[in-house]
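Presented below is the structure to which this report refers.
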Amino acid sequence: MKRPLLDFAWTRRAFLTRSAGSLGALALSHLLAEDSRAAGAQPTGPLTPKAPHHAPRAKAVICLFQHGGPSQMDLFDPKAELTKRHGQAYEGQLEVHFHTQAGKLLASPFQFRPAGASGMQLSELLPHTARIADDITLVRSMTTESVDHEAALRTIHSGKIFAGRPTWGSWVLYGLGSLRQDLPAYVVLSDPGGLPVDGPNNWSSGFLPAIYQGTPFRASGVPVTNVQPPAGVTVEARRNQLEFLNELNGVHLEKHPRNEELAARISNYELAARMQATVPEVLDISRETAETRTLYGLDQPQTAEYGKRCLLARRLVERGVRFVQLFLSGQPWDTHSKNAEGLRNLTARTDQASAALVLDLKRRGLLDSTIVLWTGEFGRLPISQGTDGRDHNRHAFSLWLAGGGFKKGYVHGATDDFSYRAVQDVVRVVDLQATLLHVLGLDHRRLTYPHDGRDDSLTDVDVTKARVVPELLA
Amino acid sequence: MKLDSSLIPILVGLWLGGASVSVAGERQSSPDDVRFFETRIRPLLVNHCFACHGPDKQKSGLRLDSAEALHRGGATGQVLIVTSQPEHSLLLKAVRHQGGVPKMPPKGKLKDQEIADLTRWVQLGGFFPGRGSPARTNSGPAAKHWAFQPPVDPPLPPVKDLQWSRSPLDRFILAGLEAKGLRPSPPADRRTLIRRVTFDLIGLPPSPDEVEAFLADASPDAFARVVDRLLASPRYGERWGKYWLDTAGYADSNGYFNADSDRPLAFRYRDYVIRSFNQDKPYDRFVTEQLAGDELAGYRPDGDVTDAMAELLTATHFLRNAPDGTGESDGNPDEVRTDRFTVLEGNLQIVVNSLMGLTIQCARCHEHKFEPIAHEEYYQLQAILYPAYCPERWTVPKDRIVSIASQARRSEHQRLTQRIDQQVKALQESLTTIAGPLREQLIEDRFPDLDAAGRATVLAAVHAPKGKRTPEQEALLKKHAKAIQVSDDDLGQRFPEYARVRNEVRQAIAAREKERPRPLETISIVAEKDSRPPVHHVLLRGQHNAPGKEVQPGVPAMLCGPTNPLQILPRPEGQISSGRRTALARWLTSSDHPLFARVMVNRIWQHHFGVGLVSTPDNLGQSGARPSHPELLDYLAVEFVRSGFRIKTLHRLILTSAVYRQSGTLREEPFAADPDNRLWWRFPLRRLDAEALRDALLAVSGELDPRIGGPYVPTRRAGDGSVEIDEKHEGARKRSIYLQQRRTQVTTLLELFDAPALVGNCSKRNTSTMPLQSLALLNSSFSRARAEAFAHRMEQETPDPEKRLALAFRLACGRPPSERERDASRRFQTAQQAVYGQDPAAARKVWTDFCQMILASNAFLYVE
């Protein structure tokens, strides 16, 4: 990986040897500068950029997480046999979650159409995704470990069903560090409707150091707290404050030489000052063109909110943020009843902007270096639950990937005649995770952290036998 | 290992040929054999075979996890092991991938060494030590693991320097340093020392007076008396109680689901913990109360609860600290059961983790791969808690409470409450009865234009219950929505006699309410309610719907010395509870328990020095870190037991040592040899933790509210989404331990400085260094408010700017400013004065800015 440019070489020594007067001035000049290059990386902090294990294809991730278990046979995985046998009993055993409500085979009410040059079959509910069909890899043969939401969420985020493990965003940060230190490297864009199911566990650093956890930008109100100086503290007053503080800390550091933590805290005041300028700038989408805003659906009430967060995701990645994750409140894809109606509403809300993000990244030349992952935690069953719902399914679900060296216009794997079970080219969640790390230049077998007396990892390869799936990569 | 039926002739041939066929497991195995099995064979079987031929799955009917099962063979009944002729053993043919036999493991051949090990094992008879569980053997590597041996009083190691030590424990540290040719550091100066020990014991800074008094005290025991003063302070329990609460996984909310519902009575347990630390309650007693306070108190669901019993019952809330979503479970019966088992698992994990320093979760689903805890033993431990937490006899959290009162008083209270309820109801009904016809009359009055039939139609519509109205009635009501609304005031104005009656009734109700007995004080507890303990089973693969064999209460065999089995005594007459938890407490607190005292002394050392003698305080097992000073750990554990488990005695022992009093100054030679200071050649520099930081900010600004205990001070989500305390709340300036500990709503300031959002428990925190912390100290309203109060305080104390300046440093940093600091402060104040020049509040702002920067500086944030 090309090391980030340290053009603003803010090394500790440089920082400490600057005269008090020029320090504040420099900070201020920086407050106003829009600098998308890697600025001010700490010399030895835990977020210092680290060399990957091998040449990476991508350096950033945007995960559009679809809580609840999107229904694959209504969106991505058409099944003629299911349509034909609609209303009949399913022959054979099905693992159901809500035992008492298991019904008959339930055909998808939606039409599928070929999309793009590849002719990828996609549901009529996804007209915008159809526009990016030639940019994505669609995986139809995903499987996971549990039909319980929380356990499946932990699996897809952190590799196992257990709580307390680091999410893969934390592993990525731990492995690669941050490209900038004036923005959090792992940003969570949650829904104004509230937290997703399983809350902060979805971006927990688990047993990794806390610095690797996701930073949730607030969906409403002020996204990052304490960015504005207290009322009445002018720019000049703040500059004097920082100079004074730096002098005090300088005296203190002389008594404690070689203390990296103290040094980091001193530079953090400077970084904090920079964040005061960068964070509002990132969040300000007013300078995006009307065309871009329309692309993301900001002009429509139904699509505006999710669209704005997709646009923010692009702006963050554009500025060097390593990992951005979008969440929906609750678990809206959990269509235990009124499956069709629920899917109509959700796709109307999210389809356009999810596709817009890929198109926008592509035209800006960012798609090659960014992975976009659209996924939920599991799939749904081919039989009905009650009259019009679908129950959880861990044996098959679909997801798509774009950018970062994944194949374009490619469909991977297949399920059985009913989309109950992935049967061909099965990809387990840990295989997906191994592949995602691989694309980012990390070897999932070597990215380990000592925990509970052993070197633990995201994929825990000795137990899971996780493997990179080369077929997904161009 | 699937056995092909085409093999039958071969095997039969072997049989008939009279080959000596050993029955697996017959042989008496030597300790060496056992070690061989535990280190080489069992891990191999666990990793490569059990997935298909273990407790969960038995492909082809074959299990390989016990001697009996191995002997039984697969569904075809064929023999797997031929001891005298290993090359004919089906097992070995399969793993060698020889022809004619299925290749095992199917996913890839074993390593040569592994095949050789299996061959040797077959030659040894394919034995399984004990009854198939490593923990039952008291052998293998676990048997030699240091932490599974009872601590023994070690001899004091010889040292060259006979002057340095102040306490026997110093000898262990000094010997470690001398072995590397290193010297300890000289003592810290007195200002440093009193700031260090004050934060250490009470989590607050020393006052300038306390500092001066210590400096002026020339007596040889001056420091020991400072320690005694601090240990006697009620602030001590708030500091050390918080460590315990983290270890015990304490929270004010139920967690598990997003609702994260309230635990309104948890604070009583928090206060019990603080009290216990302040009283220096012996640690064995403290733990016994928490595990089995209900049994100690002789609690019966239908019996009296005295104040003395209440204290013991409150302690049992320890067993309720794990997340518990069962008050909100609304899934299918399977999910509800899973949620209940999760509570049991969570609490067991906290018990084992906090009291024994072992991880245990692995054994929920299979044999623990790292610790000598068998799958079955996990469920034996669960069986101890099972009578209190049986999913079939579940009580949701909000109902797991008792009132502190005698049975007679509870009945009397209930009787009085019901009577007043009835009286109030009757009074209200009488008013309703009077109001009904008057209301009709008033409505009729409002329709003077309608004839009698028309008015009747309106009234009929008004009286028609919702949902049973005709469309015409609905339309009518909508049309006259305003006219049919009759408020109580409307009635009173139209009918003065109604107003009079209504007021009388209200007064009567108020009078009745005055007689309502005050609610009985309630506590949340854990107790058994049925004298017939439920039967518990091993749960295969950890699945609650896959019960295996029945289990009895038990503890891991590896931790039972010959003199310390788990003994459940016969129940005393009239006791409901099974006595299992009392037995657990007795077993744990036994003086020769290998882990109980060590885990606690290690944690206490960690809180004094930043790192434990074992750096993984919640894992002293084989997978945990090795102790840096094993003899010292044993010495402290033995002393702790000898003192009668007195924690304050242990503090004194540690604090009056020379190692604690060392300076933190960097010296090149030891730094080069031991940069991480694992040998304790100096005292480490430590940042204030989250609670100490907030509490110290309040103490320095002169605002700290010293009140002890009580319901939590609620947190709230502010407009910007951060979590804060309402500054106007009457308890807003209480210590951090009293703030609401809601799992999903951790106070942002504390969270930024690494306070955990408790999902499980937390014995060790990270210390992060993030720009968001800097932003909080520079910009948060909390930090600004403290700076304002600090400036105001100094304004009150002295008008002299020079004295004020010095006082600020004394209060925040425990010392006067150095010349350079003084100089920088003056320059800063001049510069700020210039900035704020025209502002009428300029002087106040200058001082506020100055105070805020002092409180953001490393000299305040770090303890030397």
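The values are calculated or read from the model by the stated rules, or taken from the named source; none is laboratory data. Just so we're clear, the structure is a prediction, and the values are computed from it rather than from any experiment. Glycine also receives a Cβ, built like all others from the backbone with ideal geometry; neighbour counts cover every protein chain displayed.
Worth pointing out:
- B:Glu429 being surrounded by 16 or more Cβ atoms within 10 Å (Cβ to Cβ), among the acidic types (Asp, Glu) and either free of Cβ contacts under 8 Å to residues at least 60 places away in the same chain or out of contact with any His (no Cβ under 7 Å at 6 or more places or on another chain) (or both): no
- Among (1) more than 7 Å from chain B (Cβ to nearest Cβ); (2) in a helix (DSSP H, G or I) - the single one A:Asp182 does not satisfy: (2)
- Evaluated against (1) among the charged types (D, E, K, R); (2) touching a Gly at 6+ places or on another chain (Cβ under 7 Å); (3) surrounded by fewer than 14 Cβ atoms within 10 Å (Cβ to Cβ), B:Lys482 falls short on exactly one condition, (2).
- Restricted to the range B:808-823, and to residues there that are more than 12 Å from chain A (Cβ to nearest Cβ) and buried (at least 19 other Cβ atoms within 10 Å of the Cβ), the residue that is farthest from B:Arg190 (Cα to Cα) is B:Leu811.
- Test: residue in the range A:310-333 that is in contact with a strand residue (DSSP E or B) (Cβ under 6 Å, 6 or more places away or on another chain), more than 15 Å from A:Thr215 (Cβ to Cβ) and not basic (Lys, Arg): yes
- Scanning the range B:330-357 for residues that are among the small types (Gly, Ala, Ser), in contact (Cβ under 8 Å) with a residue 40 or more places away in the chain and within 14 Å of chain A (Cβ to nearest Cβ) yields B:Gly346, B:Gly357.
- Filter result for B:Leu855 (away from every other protein chain (no Cβ under 11 Å), under 22 Å from B:Ile194 (Cβ atoms) and either polar (S, T, N, Q) or assigned to a helix (DSSP H, G or I) (or both)): no
Okay, residues lined up against (1) among the aliphatic types (A, V, I, L, M); (2) out of contact with any Phe, Trp or Tyr (no Cβ under 8 Å at 6 or more places or on another chain):
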{"position": "B:Ala363", "(1), (2)": "yes, no"}
{"position": "B:Tyr389", "(1), (2)": "no, yes"}
{"position": "B:His413", "(1), (2)": "no, yes"}
{"position": "B:Val424", "(1), (2)": "yes, yes"}
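- Count of the range B:835-852 residues, restricted to those that are more than 9 Å from every other protein chain (Cβ to nearest Cβ) and under 22 Å from B:Pro206 (Cβ atoms), is 1.
- Of all residues in the range B:752-768, one or more are assigned to a helix (DSSP H, G or I), surrounded by 21 or more Cβ atoms within 10 Å (Cβ to Cβ) and not β-branched (Val, Ile, Thr).
- Test: residue in the range A:185-192 that is crowded, with 21+ Cβ neighbours inside 10 Å and at the interface with another protein chain (Cβ under 10 Å from one of its Cβ atoms): yes
- Selection of first residues in the range B:459-471 that are in contact (Cβ under 8 Å) with a residue 12 or more places away in the chain and of second residues that are of a type outside the set (Ser, Thr, Tyr) and in a helix (DSSP H, G or I), restricted to Cβ pairs under 7 Å at least 6 apart or on distinct chains, gives the following pairs, ordered by first then second residue: B:Leu459/B:Glu440; B:Leu459/B:Ile443; B:Ala461/B:Gln473; B:Ala461/B:Leu476; B:Ala461/B:Leu477; B:Val462/B:Ile443.
- Pair list, Cβ < 9 Å and 6+ apart or interchain, from the range A:268-280 residues that are closer than 22 Å to A:Leu312 by Cα and more than 7 Å from chain B (Cβ to nearest Cβ) to residues that are among the polar types (S, T, N, Q) and part of a helix (DSSP H, G or I): A:Ala273/B:Ser774; A:Gln276/B:Asn779
- Filter result for B:Ser780 (crowded, with 21+ Cβ neighbours inside 10 Å and within 7 Å of chain A (Cβ to nearest Cβ)): no
- B:Arg337 vs. criteria touching a strand residue (DSSP E or B) at 6+ places or on another chain (Cβ under 7 Å) and of a type in the set (Lys, Arg): no
- Yes/no for B:Gly731 being at positive phi, touching a residue at least 24 places away in the same chain (Cβ under 8 Å) and not charged (D, E, K, R): no
- Here A:Asp443, A:Asp416, A:Asp425 are screened, and the one residue that is in contact (Cβ under 8 Å) with a residue 40 or more places away in the chain and more than 21 Å from the chain's Cα centre (by Cα) is A:Asp425.
- B:Ala69 out of contact with any strand residue (DSSP E or B) (no Cβ under 9 Å at 6 or more places or on another chain) and either at pLDDT below 60 or of a type in the set (A, V, I, L, M) (or both): no
- Note on the range B:582-683: enclosed helices (runs of 4 or more DSSP H) holding 1 or more residues that are within 14 Å of chain A (Cβ to nearest Cβ) and at negative phi are B:668-673.
- Of the listed requirements (1) part of a loop (DSSP other than H, G, I, E, B); (2) at pLDDT 85 or above; (3) crowded, with 22+ Cβ neighbours inside 10 Å, A:Asn202 misses just one: (1).
- Residue satisfying all of: in the range A:233-267; among the β-branched types (Val, Ile, Thr) and within 8 Å of chain B (Cβ to nearest Cβ); farthest from the chain's Cα centre (by Cα) among these: A:Val251
- Considering the range B:691-725, the residues that are assigned to a loop (DSSP other than H, G, I, E, B) and more than 26 Å from the chain's Cα centre (by Cα) include one that is farthest from the other protein chains (Cβ to nearest Cβ), namely B:Leu704.
- Condition met for B:Gln832 (out of contact with any strand residue (DSSP E or B) (no Cβ under 9 Å at 6 or more places or on another chain), assigned to a helix (DSSP H, G or I), at the interface with another protein chain (Cβ under 8 Å from one of its Cβ atoms) and touching a residue at least 60 places away in the same chain (Cβ under 8 Å)): no
- Residues satisfying the stated conditions in the range B:86-101, i.e. in contact (Cβ under 8 Å) with a residue 60 or more places away in the chain and surrounded by 14 or more Cβ atoms within 10 Å (Cβ to Cβ): B:His88, B:Leu90, B:Leu91, B:Ala94, B:Val101
- Test: B:Glu444 is part of a helix (DSSP H, G or I), touching a residue at least 60 places away in the same chain (Cβ under 8 Å) and of a type in the set (D, E, K, R): no
- Qualifying position, being in contact with a Cys (Cβ under 9 Å, 6 or more places away or on another chain), away from every other protein chain (no Cβ under 14 Å) and touching a residue at least 24 places away in the same chain (Cβ under 8 Å), among A:Trp400, A:Trp374: A:Trp374
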